[in-house]
Amino acid sequence: MFNTILIATDLAKASERVLDSVRGLIPLGAQTAILVHALGIKHLEQMPHGMAYFIEPYLKKQKERLEAEGFQAAAELALGSVVEEVNRIADERQASLIVVGSHGATLARELFLGGTALNIVSHAIRPVLVIRLKTAETGGEAHFEAMCEDFREHVLYCTDFSDPAEQAFPYVERLVACGTKRVTLLHVQDRTRIEKYLSDRLPEFNEIDRRRLQLLQQRLEQRGATEVRIEIPYGLPGQEIIRLAREEDYHLIVLGTRGRGFFAEAFLGSVSLQVVRSSPAPVLLVPPPKMNDGSK
């Protein structure tokens, strides 16, 4: 499913915890892991003296950690911006997945600051796994902890029956083929579209959409899923997804995205953005096929 993964690393302590989680991708077929650290400069002569000498040992250490987990690992120190270099290397190496870690407080600020995690998510040409880290404190010192290390246990698939959502569903099928038994299929009846003129037709919409979800349920059960649940709440999609994610113990949320328009939608309340910012579980974002052309 995910043969080659690319991990964006900033060499901070949070990145160490991301490495703790990527071992959970091995049961999903991950064999090769490429660490990428981008310096954000245009020319080699702009690099501060001694920077490479300082950074390379950290990259080497992270590479060795991945190798100890069983990955064929490589590390690349790139000059350009994180977004440009991550996409370039992902394309050159035919990466199946881009992995980025972030924690809630950072993501909240990044909405306005254009931070690394959201920039990667909003411009990625391959599927992106956002691994959520939680902040803990031991002996008065703050540190990060990975919130999930097995992505197969319980999967939440969110669909509005659009093309992007349908294009993400094959990833759920592959997860089931890799051992996932529990899947929740979620469609939110969007209150903003129904409330004013169509509220009397809500039972009709629920019945139609339940049948559509049941077809997906059958596909998953045929592939080996043993516990597939259907949820059709009424409300605001982003809020309902987050509510359910907080009430249940999901190990992965799968969403389709509309591609490069993602960041532009940030100020318009993109559902994907809301979920990435607030979900307590890891989120797999699948871009359209013309952007998602990874073959390995």
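The values are calculated or read from the model by the stated rules, or taken from the named source; none is laboratory data. As the structure is a prediction and not an experimental result, all values here were calculated from the model. As a convention, Cβ positions derive from the backbone with ideal geometry for all residues, glycine included, and neighbour counts pool all protein chains shown.
Can you tell me which of 225, 177 is small (Gly, Ala, Ser) and crowded, with 19+ Cβ neighbours inside 10 Å? Explain how you work it out, then say what you get.
On the way: 177 fails: crowded, with 19+ Cβ neighbours inside 10 Å.
Only one candidate qualifies: 225.
Could you tell me how many of the residues in the range 7-23 are at pLDDT 90 or above, in a helix (DSSP H, G or I) and touching a strand residue (DSSP E or B) at 6+ places or on another chain (Cβ under 9 Å)? Explain how you work it out, then say what you get.
Start the filter on the range 7-23 by keeping residues that are at pLDDT 90 or above, which leaves 7-8, 22-23.
From the residues that got through so far, the ones that are in a helix (DSSP H, G or I) too are 22-23.
So of that shortlist, the ones also touching a strand residue (DSSP E or B) at 6+ places or on another chain (Cβ under 9 Å) come out as 22.
Looking only at that region, the number is 1.
If you check every pair at least six apart or on different chains, which have Cβ atoms under 9 Å apart with a residue in the range 265-279 that is surrounded by 19 or more Cβ atoms within 10 Å (Cβ to Cβ) and part of a loop (DSSP other than H, G, I, E, B) first and a residue that is at pLDDT 80 or above and of a type in the set (Gly, Ala, Ser) second?
Pairs that qualify, where the first residue is surrounded by 19 or more Cβ atoms within 10 Å (Cβ to Cβ) and part of a loop (DSSP other than H, G, I, E, B) and the partner is at pLDDT 80 or above and of a type in the set (Gly, Ala, Ser), are 270/238; 279/245.
What number of residues within the range 193-231 are in contact with a helix residue (DSSP H, G or I) (Cβ under 8 Å, 6 or more places away or on another chain), among the hydrophobic types (A, V, I, L, M, F, W, C) and more than 13 Å from residue 157 (Cβ to Cβ)? Full working, then the answer.
Pass one, the range 193-231, residues in contact with a helix residue (DSSP H, G or I) (Cβ under 8 Å, 6 or more places away or on another chain): 194, 198, 201-202, 205, 216, 219-220, 223-225, 228, 230-231.
Pick out the ones that are also among the hydrophobic types (A, V, I, L, M, F, W, C) and you get 194, 198, 202, 205, 216, 220, 225, 228, 230.
After this cut, where a residue has to be more than 13 Å from residue 157 (Cβ to Cβ) as well, the list is 194, 198, 202, 205.
Residues in the range 193-231 being in contact with a helix residue (DSSP H, G or I) (Cβ under 8 Å, 6 or more places away or on another chain), among the hydrophobic types (A, V, I, L, M, F, W, C) and more than 13 Å from residue 157 (Cβ to Cβ): 4 in total.
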